[in-house]
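The structure appears below as structure tokens.
The values are calculated or read from the model by the stated rules, or taken from the named source; none is laboratory data. Just so it is clear, the structure is predicted and the values come from calculations on it, not from any experiment. Don't worry about glycine lacking a Cβ; one is built from the backbone with ideal geometry, like all the others, and counts go over all protein chains shown. Heads up: the accessible areas ignore ligands, DNA and RNA and are worked out on the full protein's heavy atoms, side chains in. Shrake-Rupley method; radii C 1.70, N 1.55, O 1.52, S 1.80 Å.
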Amino acid sequence: MYRELTDGWTARLTEGDPPPPIARTLHDGFPAAVPGVVHLDLLRAGLIEDPYVDDAESRLHWIGDADWEYRTTFDWTDDGAARHDLVAEGLDTVATVTLNGVVVARTANQHRGYRTDVRERLREGANELVVAFRSPTRYAREQEAILGERPHSYAHPFNTIRKTACNFGWDWGIDVATAGIWRRIGIESWSGARIAAVRPITRIDGAARGLDAHIDLEWQAGTEHPVSLDVAAAGRSERVSVEPGTASVTVALDGCDAELWWPRSHGAQPLYPLTVELSGADAAARWERRIGFRTVELDLSPDEIGSAFAIRVNGEDVYIRGANWIPDDTFFPRITKDTLRRSITDAVEANLNLLRVWGGGMYESEEFYELCDEHGLLVWQDFLTACAAYSEDEPLWSEFEAEAREAVTRLAAHPSLVLWNGCNENIWGYVDWNWRSRLGGLSWGERYYTELFPAIVAELAPGTPYVEGSPFSFSRYVHPNDDRHGSMHIWDVWNQVDYTGYRRYRPRFVSEFGFQGPPTFSTLEYAVHDEPRDPFGPSMLVHQKADDGNAKLQRGLGEHLPYPADFEDWHWATQLNQARAIGFAIEYFRSLSPENRGAIVWQLNDIWPSISWAAVDYLRHRKPLWYALRRVYADRLATLQVRDDGVDLVVHNESRERYRAGFAVARTSLEGVVLAEERFPVDVEPRGLVRIPLPEAFGAGDASGEFLLARADDGLEALGYFAEDTALALRGGPAATAAVVPDGYLVTVTASALAKDVTILADKVHPDAVVDRALVTIVPGESAVFHVTAPAGLDPDAFCSSRVLRSANDLVAVPVVV
């Protein structure tokens, strides 16, 4: 029996330097929520301002520098069970746990759970439980002095403490080091034996399906009676008797009636309940999860180019259309199954088939992986190391081992998890970022990536591939970020060079690349209140964590778009440029298939309201980038790849069906005059690509006044240009009309001349307004209809106003001479 302890908690400051007006209240105590963290408790009590608004961040750093204590009293009556365990699923982070005045546990790892037998400490009636937390920032600095200073990103030595790295701030994240009981805590009572863990490992041999359930047991001391285990899944069941003291047992289920689980666009996602029931003279327990049957391989074989990086599920290569995933909120207890469902929906509706859970975050909740299982979203899971050198000495070695074992064991049931990765950029950092001279012979984490983690995966999840790092080239004789080998990160684009620089590479697989843009306007209005609004205003820059970020945004416009005239133009131009940069990259990467086997954009989601690389901002508004991802990550993509010596029409068919279509290709003036036209039949095998070099007639004539359109019979289309927008003779924005319909508003936009990237910034009218499409280029003489879902009673014409209905033409239009 499990009893969660959620009621009656209070928190108080035990050491720190708070603002004087609230110091007395903090020392006396205030109501606390469990699960929770102290920032949220302070916010609910009205003792601090919203950390996400303006420059509250700097005024709240004292919270992470302070020690805190959580306390509750609960009644307990002996129910006759032999064991009563205090189970803490997540403590953040360095804690001393006291029950009725006796220390029962000391913890130093946010990424694992703790279990302590407290039967001898419980008493009939009232019991007092106290959890005292050390300041994470001060503890990290103390450990750095003990373990030795090692290279790390950003201000705090997060590499000395087993706590979420980005909680100390990142180049997209706020610095608000938290403390608290962030996952469930309670008393579990049991007798005889309990199920400690279950690891289901599926077996597939042709049409035959099987399952090995590896079951770990914990026994009450002195137990003399055996227990029975009943295991059932996919139409098969087995009962085994287990003798007292047996620590683990494997139960095999053969001949399972199960279909294969597939990633999105490759097949269905059948899931089967696996139940494990324990019974005996005094013992009773049940464990249940849904599982899927699939195989996964990682092809790293050498070839004439270098070496591949291809994920293969059930023997079938999967072209990866992915995004990096960071925690969905700075304050983890605010992340729920409902919020995760919305974010996973964002991924699915953008046509993603993989999320990479990045190593500076956390091992996500069961709900996250269950949602990925249901939707066929593959998961690349990092072990939690990122952008730093890590000591291999105690106590870190043992903490890494404990958390890794717990994580791999817990997540083994999920068919969506197809890859474990040892580190994020740490091997690259050791080679390229001058770490060796700074380390002076200190360990830097290599043995975690090459010894500890691979051994744990091989033991506990033998059917799941493991890689040492990202990026990584899988040879000690090749640079870890070589585009010809394995995985690579592309960050000179954004940091140093224009986004056309993506074409300098022919990557086998891109596991990080990205380009920044601001959040939606209503999200900015919630978080930033500079007067006047200014891209370089003080509060705006608080919400820009990248080094020289807003200047990079400006420089990144390059020749693509002109310097914006005002703040609203800046907001639109930089959002548009972000979407175009990533669209440009992915179209190019896909045009390299099968040499290139996928890309994982940085990043899908935001941890707080900021200017960042995210496609969906913190308030869950989809930025223009999200709509670009939906297009370029579609199963079928047509792209016009303009080269110095010509133009190729490339069609990538990442679907299960053969694709046959006729493409009408036209070189057209911006006013709609067709200058050259030809029809090309296209026949693309499933998971295949066709490249058609276009005749010379489709090369540039008047670069400033022409464009290319390739449109298939089924509406699939691609657009190409011979000049950047700053050199195109674009006219002003198109005409639009709006009407109220039962489920929202319809906006019809008609173009008399080429209208590029027409977008309705619907949240400017109402924060809850959502539009069904964006970045729609309308060719002369045609119209596009946008459906806006928004509260009733709004003025429909507001969606046609010049600050809401935007296009690239607004930014670069030349006057029309009459």
Looking at the stretch 106-124 only, could you name the residues that are outside any strand (DSSP E or B) and open to solvent by less than 80 Å² (accessible area, probe 1.4 Å)?
Q110, H111, R112, G113, V118, R119, L122
Residues being open to solvent by less than 10 Å² (accessible area, probe 1.4 Å) and either farther than 22 Å from A310 by Cβ or outside any strand (DSSP E or B) (or both) - total across the stretch 342-360:
9
For A234: the one exception among (1) without any contact (Cβ under 8 Å) to a residue 40 or more places away in the chain; (2) in contact with a strand residue (DSSP E or B) (Cβ under 9 Å, 6 or more places away or on another chain)
(1)
In the stretch 163-214, anything open to solvent by less than 10 Å² (accessible area, probe 1.4 Å), under 30 Å from S279 (Cα atoms) and either part of a loop (DSSP other than H, G, I, E, B) or among the small types (G, A, S) (or both) is listed as G186, G192, A193, G210, A213
Can you confirm whether A573 is aliphatic (A, V, I, L, M), more than 29 Å from G429 (Cα to Cα), assigned to a helix (DSSP H, G or I) and open to solvent by less than 40 Å² (accessible area, probe 1.4 Å)?
yes
Could you list, in sequence order, the residues of the stretch 444-463 that are of a type outside the set (F, W, Y) and open to solvent by less than 30 Å² (accessible area, probe 1.4 Å)?
G445, L452, I456, V457, L460, A461
Within the stretch 699-714, does at least one residue satisfy the condition of being open to solvent by less than 50 Å² (accessible area, probe 1.4 Å), within 21 Å of S591 (Cα to Cα), in contact with a helix residue (DSSP H, G or I) (Cβ under 7 Å, 6 or more places away or on another chain) and in a strand (DSSP E or B)?
yes
With the first residue restricted to the stretch 361-376 and required to be assigned to a helix (DSSP H, G or I), and the second required to be open to solvent by less than 30 Å² (accessible area, probe 1.4 Å) and not aliphatic (A, V, I, L, M), Cβ contacts under 7 Å at 6 or more apart or on different chains are Y369/H414; Y369/S416; C372/S416; D373/G292; D373/H414; D373/P415; D373/S416
The stretch 388-419: number of residues that are closer than 26 Å to S153 by Cβ, in a loop (DSSP other than H, G, I, E, B) and either free of Cβ contacts under 8 Å to residues at least 60 places away in the same chain or open to solvent by 10 Å² or more (accessible area, probe 1.4 Å) (or both):
4
Residues in the stretch 228-244: is at least one outside any strand (DSSP E or B), under 35 Å from the mean Cα position of the chain (by Cα) and among the hydrophobic types (A, V, I, L, M, F, W, C)?
yes
Would a scan of the stretch 590-602 turn up a residue that is surrounded by 24 or more Cβ atoms within 10 Å (Cβ to Cβ), part of a loop (DSSP other than H, G, I, E, B) and in contact with a strand residue (DSSP E or B) (Cβ under 7 Å, 6 or more places away or on another chain)?
yes
Please name all residue pairs, on different chains or six or more residues apart, with Cβ atoms under 7 Å, provided the first residue is in the stretch 502-526 and is without any contact (Cβ under 8 Å) to a residue 24 or more places away in the chain and over 18 Å from V804 (Cα atoms) and the second residue is buried (at least 23 other Cβ atoms within 10 Å of the Cβ) and not polar (S, T, N, Q).
Y505/I490
Scope the stretch 464-477; condition open to solvent by less than 50 Å² (accessible area, probe 1.4 Å), in contact (Cβ under 8 Å) with a residue 60 or more places away in the chain and farther than 18 Å from W613 by Cβ; matching residues
T464, P465, V467, S473, S475
Quickly run through the stretch 739-769 and pick out the residues that are of a type outside the set (A, V, I, L, M, F, W, C), buried (at least 17 other Cβ atoms within 10 Å of the Cβ) and outside any loop (DSSP other than H, G, I, E, B).
G744, Y745, K756, D757, T759, D763, K764
Restricting the search to the stretch 715-733, which residues are under 18 Å from L561 (Cα atoms), in contact (Cβ under 8 Å) with a residue 60 or more places away in the chain and either more than 33 Å from the chain's Cα centre (by Cα) or in a strand (DSSP E or B) (or both)?
L719, G720, Y721, F722, T726, A727, L728, A729, L730, R731, G732, G733
Which one is nearest to the chain's Cα centre (by Cα), of the residues in the stretch 438-452 that are in a loop (DSSP other than H, G, I, E, B) and among the hydrophobic types (A, V, I, L, M, F, W, C)?
W444
Which residue out of V251, V318, V313 is under 30 Å from R83 (Cβ atoms) and open to solvent by less than 50 Å² (accessible area, probe 1.4 Å)?
V251
D810: at pLDDT 95 or above and part of a helix (DSSP H, G or I), yes or no?
no
Report whether or not E128 is assigned to a loop (DSSP other than H, G, I, E, B) and among the acidic types (D, E).
no
If A661 meets every condition in (1) open to solvent by less than 50 Å² (accessible area, probe 1.4 Å); (2) free of Cβ contacts under 8 Å to residues at least 40 places away in the same chain apart from one, which number is that one?
(2)
